[in-house]
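Scroll down for the structure; my scribbles are underneath it.
The values are calculated or read from the model by the stated rules, or taken from the named source; none is laboratory data. Every value quoted in this text rests on a predicted model; they were computed, and no experiment measured them. All Cβ positions, glycine included, derive from the backbone under ideal geometry; neighbour counts span all protein chains shown. We work out accessible area using only protein heavy atoms, side chains counted, and drop any ligands, DNA or RNA first. Shrake-Rupley method; radii C 1.70, N 1.55, O 1.52, S 1.80 Å.
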Amino acid sequence: MKKLLLLIALVLTSCEYFKEKVDLVIINANIYTVDNDFSKAEAFAVHDGKFIAVGTTEEIRSVYTSNQLVDADGKTITPGLIDAHCHFYGLGLKQQEVDLVGTKSFDEVLLRIGEYQKENSQDFILGDGWDQNDWEIKEFPVKTRLDSMFPDIPVVLERIDGHAYLVNQKALDLAGIDWSTKVEGGEIVKKWTGGYSGITGVLIDSPMSLIDSIIPTPSRSDRIQALKAAERQCLNMGLTTVNDAGLDKSTIDLIDSLQQNDELAIRVYAMVSNTPENLTYYLDKGPLKTDRLHVRSIKVYADGSLGSRGAVLKTEYTDQPGHLGAMITPAAEIETLAKRIAATSYQMNTHAIGDSANAAVLRAYGKVLKGKEDRRWKIEHAQVLDVADFDYFEQGIIPSVQPTHATSDMYWVEDRLGVERVKGAYAYKKLLEKAGIVALGTDFPVEGVSPFHTFYAAVARRDLAGFPKEGYQMNNALSREEALRGMTIWAAYSNFEENEKGSIEKGKLADFVIYDKDIMQIPLGEIPSTTAELTYIDGIPR
């Protein structure tokens, strides 16, 4: 009997000896590969940071062995999630400011600022996240009470969408802003009613740059801390690649340095902010590509946001007669810029919210890209479109959209646009039908970081409280398969990275996520509470 047991042990050992040794083997999993056929698998092997085989548990175990053998016990795995439009560095910086997200009144804004200042005693107060659309009185505030609270300390409070500031008089004085100041491409809001006459302290879009010039520059230590804080939030949510929509050279260089020193694992697709200095450097230099950093796109702002009425519409705002919004980058300048970028291998990714802004950008794209193949230029947001302009997306232009914008704006957007025009807003299914793909993101920190909220908003078209029960404009909802593709392979394609990531296939980077639930099968209401139990980059848990 002892001889028989010894013989069996020797046979088993010899079988393992002849198997290929790899870094990691995952078995007994519920894997959505997101390949062309959207096929399922049970197991895969990883070596040197890449998938080397995908198949059944029996197939993988018969060929591969590893010191790291993970029995997934039926848990769901997908490719690593990609946020196709966010502000990664900005998310980290916001952790160092007064958090005004979720405030329900201007009184609550003032209360949070006061409490923050008691604890931190800052000589320049920064805050972020207020939204007057969430208040009972849905009007922009005025600075009077800020002036009383902080007569000698500058205060700069950014609206949740990043397209408006509320500042006090001290900040206005430091920036040299007074009644006579004029800046194209936005508004210095003034008021003559309700017992107030003068500059309100609200600046929309382009005039914000005057305030930006007086905001203290974060130290290198603060910037590194911000990037690492943002990474931790993203990895905890299953994000393995983030598309940062607007970075300067100094921040891109810092990200590259941290990645090269293995201090930052997350992959970054960097959109370069449209400034003369950035354009001269990057367009002349050409794209930059490392294992974790990819720089090959220019981020341009056509207009502002709908929430602050900075989005440019073809006809006046329904709730503000005579107002059309304002272009941040004039249409003629967009076309000139498009010609310059089209002469390089760079991608042009343009923020366009209003139907007029979208039309101007789409016309410019169509004109300069004629005869050019596989450029993959993007419209970031593509939020409100005239029916006649959807056809432009059949020309290889990619809509990069954020589903939670629909469920955040649905309470008031019809007041802005009217019953007919709102039908062309947040039209993700129609955009998909025209373009063939949609790249999905969050726009965090404008919205939350969670990709599960993105998935839920895309598919259910409801807010986190389950409203509306029947879903918002469900004719433009995406299927679960479409939503997952939009957060993986389609997002990778939009970055020219579909051959290296976005699906679980042989030869691709071993970026993947293990979940506590099967987001493709669970009831819709359970999707937002889904968690990423483990996030892997290069086959290593992060």
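If a residue has to be in contact (Cβ under 8 Å) with a residue 40 or more places away in the chain, of a type in the set (D, E, K, R) and at negative phi to count, how many in region 31-74 make the cut?
Within region 31-74, residues that are in contact (Cβ under 8 Å) with a residue 40 or more places away in the chain, of a type in the set (D, E, K, R) and at negative phi number 3.
Any idea how many residues of region 93-114 are surrounded by 17 or more Cβ atoms within 10 Å (Cβ to Cβ) and either under 27 Å from residue 493 (Cβ atoms) or free of Cβ contacts under 8 Å to residues at least 24 places away in the same chain (or both)?
The qualifying residues number 1.
Which residue, of 470, 500, is under 23 Å from residue 294 (Cβ atoms), in a loop (DSSP other than H, G, I, E, B), among the charged types (D, E, K, R) and over 20 Å from the mean Cα position of the chain (by Cα)?
None of the other options fit; the residue is 500.
Just to check your reading of the model, which residue among 404, 344 is hydroxyl-bearing (Ser, Thr, Tyr), under 21 Å from the mean Cα position of the chain (by Cα) and at pLDDT 95 or above?
Going through 404, 344 in turn, just one is hydroxyl-bearing (Ser, Thr, Tyr), under 21 Å from the mean Cα position of the chain (by Cα) and at pLDDT 95 or above: 404.
Look at region 412-441 and say how many of its residues are under 14 Å from residue 378 (Cβ atoms), in a loop (DSSP other than H, G, I, E, B) and among the small types (Gly, Ala, Ser).
Matching residues across region 412-441 total 2.
Within region 130-160, track down each residue that is at pLDDT below 90 and surrounded by 23 or more Cβ atoms within 10 Å (Cβ to Cβ).
Result: 160, single match.
Which of the residues that make up region 522-540 are open to solvent by 10 Å² or more (accessible area, probe 1.4 Å) and assigned to a strand (DSSP E or B)?
Within region 522-540, 532, 533, 534, 536, 540 qualify.
Considering only residues that are surrounded by 20 or more Cβ atoms within 10 Å (Cβ to Cβ) and in a helix (DSSP H, G or I), which ones fall in region 259-282?
Within region 259-282, just 282 meets the criteria.
Counting only residues that are open to solvent by 10 Å² or more (accessible area, probe 1.4 Å) and touching a helix residue (DSSP H, G or I) at 6+ places or on another chain (Cβ under 7 Å), which one in region 388-397 is farthest from residue 498 (Cα to Cα)?
389
Just a yes or no: is a residue in region 505-512 over 18 Å from the mean Cα position of the chain (by Cα), of a type in the set (Lys, Arg), at pLDDT 95 or above and not in a helix (DSSP H, G or I)?
Yes, some residue in region 505-512 is over 18 Å from the mean Cα position of the chain (by Cα), of a type in the set (Lys, Arg), at pLDDT 95 or above and not in a helix (DSSP H, G or I).
Within region 278-290, does at least one residue satisfy the condition of being under 19 Å from the mean Cα position of the chain (by Cα) and among the charged types (D, E, K, R)?
No, because not a single residue in region 278-290 is under 19 Å from the mean Cα position of the chain (by Cα) and among the charged types (D, E, K, R).
Here is a yes/no grid of residues against (1) in contact with a Ser or Thr (Cβ under 8 Å, 6 or more places away or on another chain); (2) within 30 Å of residue 128 (Cα to Cα); (3) not small (Gly, Ala, Ser):
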residue: 462; (1), (2), (3): yes, yes, yes
residue: 482; (1), (2), (3): no, no, yes
residue: 495; (1), (2), (3): yes, yes, yes
residue: 503; (1), (2), (3): yes, no, no
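Which of the following residues is touching a strand residue (DSSP E or B) at 6+ places or on another chain (Cβ under 8 Å) and among the polar types (S, T, N, Q): 193, 181, 217?
Only one candidate qualifies: 181.
Grab the strands (runs of 3 or more DSSP E) fully contained in region 58-150, keeping just those with 2 or more residues being more than 30 Å from residue 18 (Cα to Cα) and in contact with a helix residue (DSSP H, G or I) (Cβ under 6 Å, 6 or more places away or on another chain).
So the answer is 81-86, 125-130.
Residues of region 201-248 being part of a strand (DSSP E or B) and either of a type outside the set (S, T, N, Q) or out of contact with any Ser or Thr (no Cβ under 9 Å at 6 or more places or on another chain) (or both), which ones?
201, 202, 203, 204, 205, 239, 241, 242, 244, 245, 246, 247
Show the residue pairs that are 6+ apart or on different chains and have beta-carbon atoms under 7 Å apart, the first residue being within region 269-292 and within 19 Å of residue 83 (Cα to Cα), the second being open to solvent by 20 Å² or more (accessible area, probe 1.4 Å) and part of a strand (DSSP E or B).
271/246; 273/246
Given the conditions (1) part of a loop (DSSP other than H, G, I, E, B); (2) farther than 21 Å from residue 296 by Cβ, and given that residue 485 satisfies all but one, which numbered condition is not satisfied?
(1)
Out of all the residues in region 422-451, which are over 12 Å from the mean Cα position of the chain (by Cα), surrounded by fewer than 22 Cβ atoms within 10 Å (Cβ to Cβ) and within 15 Å of residue 408 (Cα to Cα)?
The answer is 422, and nothing else.
This table checks each residue for (1) under 25 Å from the mean Cα position of the chain (by Cα); (2) within 30 Å of residue 80 (Cβ to Cβ); (3) not acidic (Asp, Glu).
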{"site": "176", "(1), (2), (3)": "no, no, yes"}
{"site": "205", "(1), (2), (3)": "yes, no, no"}
{"site": "225", "(1), (2), (3)": "yes, yes, yes"}
{"site": "238", "(1), (2), (3)": "yes, yes, yes"}
{"site": "245", "(1), (2), (3)": "yes, yes, yes"}
